[in-house]
Amino acid sequence: MGRIGIWNTAFLGDAVLTLPLIRTIKAAFPDSPIDFYVRKGVESLFTAQPELDNVYGYDKRGAQKSIFSAMCYGRELAQKEYSLWISAHTSLRSGVIARWTSAHTRIGYNKPLFNNWLYTTTVDRKFPELEEIDRLMQLVKPLSITKTLDWPEMVLPQSAYDEVDTFWSKHIDSPVLGVHPGSVWATKRWPAEYYADVVAKAIDAGAQVLVFAGPGEESMAQEVIDKSGAQDSDRLIDLSGALTLVQLAAYLNKLNCYVSNDSGPMHLAWAQRTPVTAIFGPTVRELGFFPRGEASTVLETDIECRPCGLHGPKTCPKGHFNCMHSITPDMVWNDAKKKLFA
């Protein structure tokens, strides 16, 4: 097998979930260089991944948005002479790029229907029969690979680990709870006052709390801090908007427990075996995009209108937001404190 290209330009969490597929491919073809194509802005997370030779960011929301740009990019990639191209993304744009790479073997999902004309081989994704990692493993079946690896084993640059170790030695002397109240989708956000209650409980119990937020989410983090009453406590450290994606992943690696909405950073945490308490409202575990491992918990309630979408809409279609309101701070704290003080 020659050079291999693996494509998943969906969201951050989707890229992380692709790592078991990448590890499986590398184990089957150890001498083949592998290039990974991700959404622009997240490529830095994977530069130290030992299975990968190159990581490229695709600007799907910017300069490379159009189908014409996709065709041109595919032609550009054809110069790399890929023997195998695997696409974990189902969009038309991804299929067009795959087709124009002219890779000898191009594997994708059989839906949407146009994929059958853009790939040399297509497979059934089996959504929602399988979890997402297992759905991704359908893509290796045409290669007669029998041994699959089901854990991401994410590896970050050593400098990121060293930076966090230094921070811990200066600031941390107790079990640490991390909270991340943000999400791209508004209905995935557990109420700020609920997060604040958990933060206050953690500090009262003797833990330290790190508050995380990505760019544009700083006001969400500040609302949690203000409502917790701990804004002047030396047990709370506000890291909102202060970290790069790689730094965030490294900080998550050190936590005793991470409380999070269903989000990309949630996947960064469990993929590094950090204990996770995940709050699922409009989405459900059965969709397959949940944190794996014995140290991970998905908290959700049985409401008949769930799920209301694959990602969750901007506002509650029913107007009550009961899927989140019914998950109480006590429910979250009772799970998180077991992990904090294990």
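Distance check, please: which entries in LYS201/LYS337; LYS40/LYS314; LYS60/LYS126 exceed 18 angstrom between their Cα atoms?
Beyond 18 Å: LYS40/LYS314; LYS60/LYS126.
Determine the calculated [θ] at 222 nm for the chain from helices alone, applying -39500 (n - 2.57) to every DSSP H run no shorter than 4 residues and normalising by the residue count; nearest 500 deg cm²/dmol.
-10000 deg cm²/dmol
In region 130-201, what chymotrypsin sites (Phe, Trp or Tyr not before Pro) fall in a loop by DSSP, with at most 16 other Cβ atoms inside 10 Å?
Those that pass, being in a loop and sparsely packed, number zero.
Just to confirm, what accessible area per residue do you get for region 97-252 at 1.4 Å probe, in whole Å²?
With all protein chains present, region 97-252 gives 45 Å² per residue.
With springs only between Cα atoms under 10 Å apart, run a GNM on the chain and tell me which of GLY62, GLY95, GLY288 wobbles the most.
GLY62
Quick one: compute the contact order of region 171-313, relative version, from alpha carbon pairs under 8 angstrom and 6+ residues apart, as a percent.
25
Is the C-alpha gyration tensor of region 121-205 telling us rounded, prolate or oblate? Criteria: a/c under 1.5 is rounded; beyond that, a/b larger than b/c is prolate, otherwise oblate.
oblate
For region 5-48, what is the accessible area per residue in Å², given a 1.4 Å probe and the full set of protein chains?
26
Where in the chain is the longest stretch that carries no GluC sites (Glu not before Pro) classed as loop by DSSP and with at most 12 other Cβ atoms within 10 Å?
Here the longest run is 130-293.
Where does helix 245-254 land angle-wise versus the long Cα axis of the chain, in degrees 0 to 90, nearest 10?
Roughly 60 degrees between the two axes.
Determine the relative contact order of region 20-139: mean sequence separation of Cα pairs under 8 Å and six or more apart, normalised by residue count, in whole percent.
Taking the mean separation of contacting Cα pairs over the length of region 20-139, I get 17 percent.
Quick one: Karplus J couplings for region 309-326, per residue in order, coefficients 6.51, -1.76, 1.60, θ = phi - 60°, nearest Hz, x for Gly and Pro?
Those phi angles translate into x, 5, 10, x, x, 6, 9, 5, x, 8, x, 10, 6, 5, 4, 8, 5, 7 Hz.
Whenever you get a sec, compute what percent of the accessible area on region 219-341 sits on carbon and sulfur atoms (1.4 Å probe).
In region 219-341, the share of accessible area belonging to carbon and sulfur is 48 percent.
To the nearest 10 degrees, how steeply does helix 158-171 sit against the main Cα axis of the chain, on a 0 to 90 scale?
Tilt of helix 158-171: around 0 degrees.
List the aspartates and glutamates whose alpha-carbon lies under 20 Å from that of LYS338, not counting same-chain residues fewer than 8 positions away?
Qualifying aspartates and glutamates at Cα under 20 Å: ASP173, ASP197, ASP204, GLU294, GLU300, ASP330.
Angle, helix 19-28 long axis vs. longest principal axis of the chain, Cα atoms, 0 to 90°, nearest 10?
40
Which value, in Å² and to the nearest 10, is the accessible area of PHE341 when all protein chains are kept and the probe is 1.4 Å?
90
If Lys and Arg each add +1 and Asp and Glu each add -1, what is the summed charge of the other residues whose beta carbon sits under 11 Å from the beta carbon of HIS267?
Around HIS267, the charge tally is -2.
Please report the relative contact order for the chain, taking Cα pairs under 8 Å with a sequence separation of at least 6, and give it as a percent rounded to a whole number.
In percent, rounded to a whole number, it is 15.
Going highest first, how would you order 249-258, 328-337, 235-244 by mean Cβ packing within 10 Å?
249-258, 328-337, 235-244
Rounded if a/c is under 1.5, else prolate if a/b beats b/c, else oblate: with a ≥ b ≥ c from the C-alpha gyration tensor eigenvalues square-rooted, which is region 274-342?
The shape class here is oblate.
The values are calculated or read from the model by the stated rules, or taken from the named source; none is laboratory data. Keep in mind that this is a model prediction, so the values were computed, not measured. Note that we place each Cβ from the backbone using ideal geometry, even for glycine, and neighbour counts take in every protein chain shown. Heads up: the accessible areas ignore ligands, DNA and RNA and are worked out on the full protein's heavy atoms, side chains in. Shrake-Rupley method; radii C 1.70, N 1.55, O 1.52, S 1.80 Å.
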